[in-house]
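Quick notes on the structure that follows.
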Amino acid sequence: MNNDTSEKGYHYTLAPDLKIHRIVNGMWQVAGGHGYIHHESAIEEMMKYHEAGFTSWDLADIYGPAEDFIGEFRRRLSERKGKEELDKIQALTKWVPHPGRIDYPIVKENIQKSLSRMGVDSLDLLQFHWWDYNNPYYMDALKYLSDLRDEGIIKHIGLTNFDTERMQIMMMDSGLQIVSNQIQYSIIDRRPEVKMVPFCKEHNIRLLAYGSLCGGLMSEGYLRKMQEPSATDLDTLSLRKYKKMIDIWGGWSLFQELLSILNEIAQKHNVSIANVATRYILEKPAVAGAIIGVRLGISDHRNSNAQVFNFCLDKSDYDTIDAICTKSNNLYDMVGDCGDEYR
Ligand SMILES: NC(=O)c1ccc[n+]([C@@H]2O[C@H](COP(=O)([O-])OP(=O)(O)OC[C@H]3O[C@@H](n4cnc5c(N)ncnc54)[C@H](OP(=O)(O)O)[C@@H]3O)[C@@H](O)[C@H]2O)c1
């Protein structure tokens, strides 16, 4: 679902002062476990994403040097192109605290750390994660984050990996203003469709989807690979994470069936399997953007991912994809609502 009527649908207005690219560059991949990231090459690569129009970044305080990379990238961009160019960047970070007692000074100190690392006066979007619902301090944390938003050092508050039940409490019982929730959402992981999407539609909250490419498994590289890869064959943390999800979803041979029909659809539209997988999620209600992981300086799929905006899936594409997925297990029953895989 796109709310950008002015161009090809590259952008989504999350809030009046926050327009993001619908493909957000995911920076978990710089945090380790995804190959060696060379600092200097990474910053130059960020310049290339920016030049290509991919101006939105998803990061977190816990993603290794990601916030520092944003700081360095901004300094360099400002030197080369002038300060005004910085207005084109959207850097969506997260605060992922250890569960424990939370008070205002703790929240402020952590947010100030992110501001200083990223070299900004205020955060475009602060996405809040909480590991343990049995620890009730997350509601306090959200209240203090709201205070910081009112003070102007956070522009908007989002969540990541919260389930519908907790969002209901936040929105309806406590009146918190939340613009987004970042969750796993892909052709194979449709748990959001059970409760999250209807709730978000009703309350005008947008979803930022990750895992839509299953770490790269949803691509030609794994098509017709009938031999199931072992954990050691998969050389990134992301590939290993989503391979486990595929195992729960229905296993490798059903996944091969899915890849095969995604390939047929991709060929019909003259695009790639990854493009079809991304487009499928971007067209879903309440979805503002798909976060696609970038291994800066190692691999680059900018040109391919730009193709996502050059085609639309038709009804027969949806029917074919959905027919395969009806053969899978029900991830909602097996794993739970969004984010439950982390708890
Ligand atoms: N909130 C959370 O808990 C959470 C959890 C996970 C991820 N995330 C966010 O989501 C981001 C995405 O990460 P992810 O782990 O879910 O990975 P992903 O986006 O599903 O997969 C990224 C990988 O897909 C491959 N790829 C990208 N475009 C492609 C294309 N056009 N054709 C073929 N392959 C392509 C690349 O693999 P190669 O590099 O091998 O070519 C890339 O490294 C993270 O960086 C992070 O920002 C958030």
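The values are calculated or read from the model by the stated rules, or taken from the named source; none is laboratory data. Being a predicted model, the structure only gives us computed values, none of them experimental. For neighbour counting, all protein chains shown are included, and Cβ atoms are generated from backbone atoms with ideal geometry for every residue, glycine included. Side chains are part of the model used for accessible areas, which takes the heavy atoms of the whole protein and leaves out ligands, DNA and RNA. Shrake-Rupley method; radii C 1.70, N 1.55, O 1.52, S 1.80 Å.
Take every pair of alpha-carbon atoms less than 8 Å apart whose residues are at least six positions apart; their mean separation over the length of the chain yields a relative contact order of 21 percent. If you take the Cα centroid of the stretch 122-136 and the Cα centroid of the stretch 37-93, the two points sit 23 Å apart. Apply the a/c threshold of 1.5 to the C-alpha gyration tensor of the stretch 52-159 and tell me whether it is rounded, prolate or oblate. Prolate shape, in that a/c is at least 1.5 and a/b is the bigger ratio. Both numbers refer to the Cα atoms of the stretch 131-288; Rg and Dmax are 18.5, 56 Å.
Counting each DSSP H run of 4 or more residues in the chain as -39500 (n - 2.57), what helix-only mean residue ellipticity at 222 nm follows after dividing by all residues, to the nearest 500 deg cm²/dmol? Mind showing how you got there, number by number?
Numbers: 12 runs with 134 residues, N = 343.
For the chain, the value works out to -12000 deg cm²/dmol.
For the stretch 197-343, list log₁₀ I(q)/I(0) at each q in 0.09, 0.16, 0.18, 0.19 Å⁻¹, using the Debye formula over Cα point scatterers of equal strength and ignoring solvent, two decimals each. One equal scatterer on each Cα of the stretch 197-343 leads to -0.29, -0.98, -1.27, -1.42.
Cα centroids of the stretch 96-119 and the stretch 283-300: 26 Å apart.
Tell me whether the stretch 228-270 comes out rounded, prolate or oblate; compute the Cα gyration tensor, take square roots of the eigenvalues as a ≥ b ≥ c, and use a/c under 1.5 as the rounded threshold.
Details: a/c = 2.72, a/b = 1.83, b/c = 1.48.
Here the stretch 228-270 falls in the prolate category.
Sparse packing (at most 15 other Cβ atoms within 10 Å of the Cβ) combined with a DSSP loop state is found for the following trypsin sites (Lys or Arg not before Pro) in the stretch 265-340: K327. Working note: Karplus 6.51/-1.76/1.60 with θ = phi - 60° gives the stretch 295-308 the couplings 9, 4, x, 10, 9, 8, 10, 4, 5, 4, 5, 5, 5, 4 Hz, where Gly and Pro are set to x.
Rounded, prolate or oblate for the stretch 1-71? Axes are the square roots of the Cα gyration tensor eigenvalues, ordered a ≥ b ≥ c, and the cut-off for rounded is a/c under 1.5.
Numbers: a/c = 2.58, a/b = 1.99, b/c = 1.30.
Cα axes put the stretch 1-71 in the prolate bin.
Computed with the Debye formula from one identical point scatterer per Cα of the chain, without solvent, the log10 of I(q)/I(0) at q = 0.06, 0.15 Å⁻¹ comes to -0.20, -1.38.
Where the accessible area of the chain is counted over protein heavy atoms with a 1.4 Å probe, how much of it, in %, is carbon and sulfur? Kindly include the intermediate steps, with their values, before the conclusion.
Values: 7080 of 14520 Å².
After summing per-atom areas, the C and S share lands at 49 percent.
The trypsin sites (Lys or Arg not before Pro) of the stretch 154-253 meeting both criteria, a DSSP state outside H, G, I, E and B (loop) and at most 13 other C-beta atoms within 10 angstrom of the site's C-beta, are R224.
Within straight-line reach of K268, meaning a Cα separation under 24 Å, sit the following lysines at least 8 residues removed in sequence or on another chain: K8, K225, K284, K315, K327.
Probe of 1.4 angstrom, ligands and nucleic acids ignored: what's the accessible area per residue over the chain, in square angstrom? Let's see the in-between values first.
Details: 14520 Å² over 343 residues.
Per residue, the chain has an accessible area of 42 Å².
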